[in-house]
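Read the figures in this text as sums done on the coordinates, not as results from a lab. Everything numeric here is computed off the predicted structure, so don't read it as measured data. Here the Cβ positions follow ideal geometry from the backbone for every residue, glycine too, while neighbour counts run over all protein chains shown.
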Amino acid sequence: MDKEKLKEIKAGRLRDARINAGFKTLPDAVRHFKWNENTYKPHETGSRAFDEITAVSYALAFKVPLERLLALDVLEPKMRDRSPDSDDAIDLAPQPLAIHGEAAGGLWREGVDTPLDDSTNVPANPDYPASIQYARKVVGTSVSRRIPDGEYAVILHYDRSPVQLRPGLLVDVERVRAGLREHTIKVYADGERLMTDSAELDEQVELDMAHTDEDTTVRIVGIVVGKYSPLI
């Protein structure tokens, strides 16, 4: 099958998925999911193809099988078969993650440990069980070399993580002070030291998790294993 025909089929299925999900018009869906219409519209009209990563977002948003949006059923076997070990292998059943609020890409930001009502569909990292993952929106630029402001960190619960803590990993750090729960995403250095990794700083800043206040606790609660940038 030629690329133009495949692009036409995928566009039609995307349009059907949007309508079946209850969005009568294209702008309705764009407004609801806070997408950029100039990005989404060409995908639905067929003037521009969308890739597999983008298809994951659409599949989660419209609650349709990813393989249908990718039209895998009409591709020749040699085009749709993928080795699980290949670099471009994808999870055809992506799991949306619970979003546990925001984490500062600066100092600290108020956060929660229970899912929030956020319509962004952040897919799980397929290398780990979705049940041990969650997401936080990063606000600020102190780790912008790795996760820019406004993107989502995909995180493993620290107490269930198969990934061992080691210097250089991004971590979700929680501070509880006088009943207020706050979170920040930083680079783990060693011991109780954290570091920034900002593209805007000539010299990175060190933060110390140690504290002297009796009503304050600081601990690592998650290890970052991915990021997600919504369509904006």
### Query
What about Arg175, is it in a loop (DSSP other than H, G, I, E, B) and closer than 25 Å to Leu97 by Cα?
no
### Task
Read through the list (1) in a helix (DSSP H, G or I); (2) within 20 Å of Thr120 (Cα to Cα), then give the number of the only condition that Lys10 fails.
(2)
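Could you grab me the full set of residues in region 187-220 that are in a loop (DSSP other than H, G, I, E, B), of a type outside the set (Gly, Ala, Ser) and surrounded by 11 or more Cβ atoms within 10 Å (Cβ to Cβ)? Reasoning before the result, please.
Within region 187-220, the subset in a loop (DSSP other than H, G, I, E, B) is 191-192, 196-205, 209-215.
Keeping just the survivors that are of a type outside the set (Gly, Ala, Ser) gives 192, 196-197, 200-205, 209, 211-215.
Within region 187-220, Glu192, Thr196, Asp197, Leu201, Gln204, Val205, Met209, His211 qualify.
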### Task
Looking only at region 143-164, count how many residues are over 13 Å from Ile223 (Cβ atoms), out of contact with any Leu (no Cβ under 8 Å at 6 or more places or on another chain) and part of a loop (DSSP other than H, G, I, E, B).
6
### Query
Scanning region 1-42 for residues that are surrounded by 12 or more Cβ atoms within 10 Å (Cβ to Cβ) and among the hydroxyl-bearing types (Ser, Thr, Tyr), which turns out farthest from Pro65 (Cα to Cα)?
Thr39
